[in-house]
Ligand SMILES: Cc1cc2nc3c(=O)[nH]c(=O)nc-3n(C[C@H](O)[C@H](O)[C@H](O)COP(=O)(O)O)c2cc1C
């Protein structure tokens, strides 16, 4: 029996444009690392995961963190872009397209918190820095290193286009390499890449500019960036406003303002509970396991969840640029989405609500649900590192509390 369409007048379900790409609606599934690329190679489960999200009504799904080179990975089961994986990625994008959605891929480099055991190389970063998250010290990058990384971003973007992706999302937030350059906490350089904001922006902006040159005008480049790092001595919202304008000038087609620093405030970007016990259980590195057991509660701060927790800061970014801005952070209901679109955001990125229920958009459009009952326990984060992303409440068959 056809379902009644109650909410189809909402702007959420109208098409929107990023660069030369038109999405069927205003929703984008955010990059949420799936943990479904064993041995750094995307598997069948990854294809099926994104096909399902696409079938659930999303406008565009983002295949999460793909390193631009092997030395940019955080886990051994994280993919890095290379020719060999193009055929399987092509099957993924074909499957998503068949369901009527577009596909994007998040490209990045972990910089100082890259995993030496997985990459076999000493991590690189803006400056020499001890990483407590990895118990490693990175090597400061030379200008040659920067040139290599720039080229790796360009090559990865070109490969993504060949694999059928409709867009790429450059990760310049969450304390990944480009955000490490922006953050005074990780960038102590004394040359033209450190110090003033203008200098700290030089390398990240040059990467965006280079990717734009490689993919040509019109191809959608989203840039996920920080509104703030979330601790004293990190990037501030006022600096982020300038960074947004600089990224726009460098060739970004859309911005995704987020926050947090993986190696220091890893749950700040999500808010809600910190599932330390599950996290320790899922950790494969024995040293990190012990460290987390001893200092986990001290290192990883719990910040309470609030719906639309990034609204004010994201709006400051939106008001400073002309390109579309996708709101992200604490979207759980259609009312949330309506609110951000009414405020002038062009798109909404959604993470955990789609983990909880991949059909969320379809169900909202048909009027079946008004929101998702994700309780932000964040155990999906532990699952992603262990067996692959899922909502454990769902897989354990706990009763849902969908509200009308
Ligand atoms: C399991 C999980 C994995 C994530 N992995 C990534 C990632 O690979 N890249 C990224 O930029 N953000 C990642 N995030 C953060 C989300 O994209 C998003 O910024 C955050 O969860 C806030 O959005 P939400 O409230 O809609 O979940 C992840 C979040 C979760 C819950």
Checklist outcome for this item: Shape call for the chain, from the Cα gyration tensor axes a ≥ b ≥ c (a/c under 1.5 means rounded, otherwise prolate when a/b beats b/c, else oblate), comes out rounded
Next on the checklist: Please rank 237, 85, 53, 58, fewest neighbouring Cβ atoms within 10 Å first, as an exposure proxy.
Outcome noted: 237, 85, 53, 58
Checklist entry - Taking the DSSP beta bridges in the chain as the whole, what percent of them are antiparallel, to the nearest 5? => result 20
Next on the checklist: Neighbour counts of other C-beta atoms within 10 Å: give me 373, 71, 152 arranged from fewest to most.
Outcome noted: 373, 152, 71
Checklist outcome for this item: Over the Cα atoms of segment 94-202 the radius of gyration and the largest Cα-Cα distance (Dmax), both in Å, equal 15.9, 51
Next on the checklist: Quick check: Cα centre of segment 257-294 to Cα centre of segment 340-365, how many Å?
Outcome noted: 25
Item to check | Alpha carbon centroid spacing (whole Å) that separates segment 188-246 from segment 52-100 | outcome: 24
Checklist outcome for this item: Of the convex hull drawn through the C-alpha atoms of segment 135-259, the volume per residue in Å³ is 110
Next on the checklist: Please list the three semi-axes, largest first and in whole Å, of the ellipsoid equivalent to segment 287-382, using sqrt of 5 times the eigenvalues of its alpha carbon gyration tensor.
Outcome noted: 29, 20, 10
Next on the checklist: Only counting other Cβ atoms within 10 Å, I'd like 138, 131, 391 sorted with the fewest neighbours first.
Outcome noted: 131, 391, 138
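None of the figures in this text is laboratory data; all of them are computed from the coordinates on show. Small disclaimer: the values here were computed from a predicted structure and weren't measured. FYI the Cβ positions are ideal-geometry reconstructions off the backbone, even for glycines, and counts take in every protein chain you see.
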